[in-house]
Amino acid sequence: MLGAACGVTLGVAGALAGRSPAVGAVRTHRLGYRRVVTRRAAVALTFDDGPDPRFTPTVLDLLAAHHATATFFVVGTGVHEHPDLVRRAVTEGHEVANHTLGHERLDHLDRAGVRAQLEGGAAAITALALGPAARPRLVRPPFGFEGAASRAELVAGGWEVARWHGCLERHLVRAPAAEAAARLAAGARPGDVLLAHDGGADRTTTVDALPDLLTALARRGLAVTTIGSLQAG
Ligand SMILES: [Zn+2]
């Protein structure tokens, strides 16, 4: 169902717009941001739709081999089914964030439905008792879709909406793994939030492309880290 799509960003002005671009801040031109202002030569790599036992362990292995960390936007139902994968990610220095409870399109829900998706996703993570900061502050709406109800709930709930600037699977639909990785890396700039997927569909090609992506980013002098790490400066 999720296929290779990287979602759609709707051009609606958001309540979080207008922050000054200080280091650690986020550039917001809509509800949410696509890059973090930073002086570091680093990008934030994010994985959506996991945890998935078919792909997440290999992704974690590859990140470790390349001394990289990432932010995992996990789906709550998957967290309930595979809590050990989430625990492993946190233990290995990765960041876990909210991709809702059931990966439903938020623009199809009313405010109560949106709230249930956001809170259900957060509760799945919080229930793992991963530490004092276990409740996620970061969220990524499934497919990037939003409606008036979800925008209102995201603002009311104080959620920080992380979007993305480049998507690995968007390149993978047009090119083999190595070439897709090279294209994404070539367009990356410090502070960019990059998107890939470790679940929700067959992510074999994503896993195939990941070593090339990490190598290509390193060749460009770009470290790979979490959104939270980039924001911390
Ligand atoms: Zn997703």
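The values are calculated or read from the model by the stated rules, or taken from the named source; none is laboratory data. Owing to the predicted nature of the structure, the values given are computational and were not obtained by experimental measurement. Positions of Cβ are backbone-derived with ideal geometry, glycine not excepted, and every protein chain shown enters the neighbour counts.
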Handout entry: Enumeration of residues in the stretch 137-184 that are more than 16 Å from the ligand (Cβ to nearest atom) and more than 25 Å from Thr215 (Cβ to Cβ)
Key = Arg137, Gly147, Ala148, Ala149, Arg151, Ala152, Glu153, Val155, Ala156, Gly157, Gly158, Glu160
Problem - Exclusive hit being more than 19 Å from Asp52 (Cα to Cα) and not in a helix (DSSP H, G or I), set Arg170, Arg174 - result: Arg174
Exercise for the section: Could you grab me the full set of residues in the stretch 183-210 that are within 14 Å of Gly50 (Cβ to Cβ), in a loop (DSSP other than H, G, I, E, B) and either touching a strand residue (DSSP E or B) at 6+ places or on another chain (Cβ under 6 Å) or of a type outside the set (A, V, I, L, M) (or both)? Expected result: Asp198, Gly199, Gly200, Asp202, Arg203
Practice task
Determine whether the stretch 179-200 contains at least one residue that is acidic (Asp, Glu), crowded, with 20+ Cβ neighbours inside 10 Å and closer than 11 Å to Ala44 by Cβ.
Solution key: yes
Problem - Output for the stretch 198-215, where each listed residue is within 13 Å of the ligand (Cβ to nearest atom) and either within 27 Å of Arg39 (Cα to Cα) or modelled with pLDDT under 95 (or both) - result: none
Problem - Residue in the stretch 212-223 that is nearest to Asp48 (Cα to Cα), counting only those that are touching a residue at least 40 places away in the same chain (Cβ under 8 Å) and in contact with a helix residue (DSSP H, G or I) (Cβ under 6 Å, 6 or more places away or on another chain) - result: Leu213
Completion exercise
Expected output for the stretch 135-157 (first residue on the phi > 0 side of the Ramachandran plot, partner among the hydrophobic types (A, V, I, L, M, F, W, C) and within 14 Å of the ligand (Cβ to nearest atom), Cβ below 6 Å, 6+ apart or cross-chain) is Gly144/Val8
Completion exercise
All conditions in (1) in a helix (DSSP H, G or I); (2) surrounded by fewer than 23 Cβ atoms within 10 Å (Cβ to Cβ) are true of Leu213 except (2)
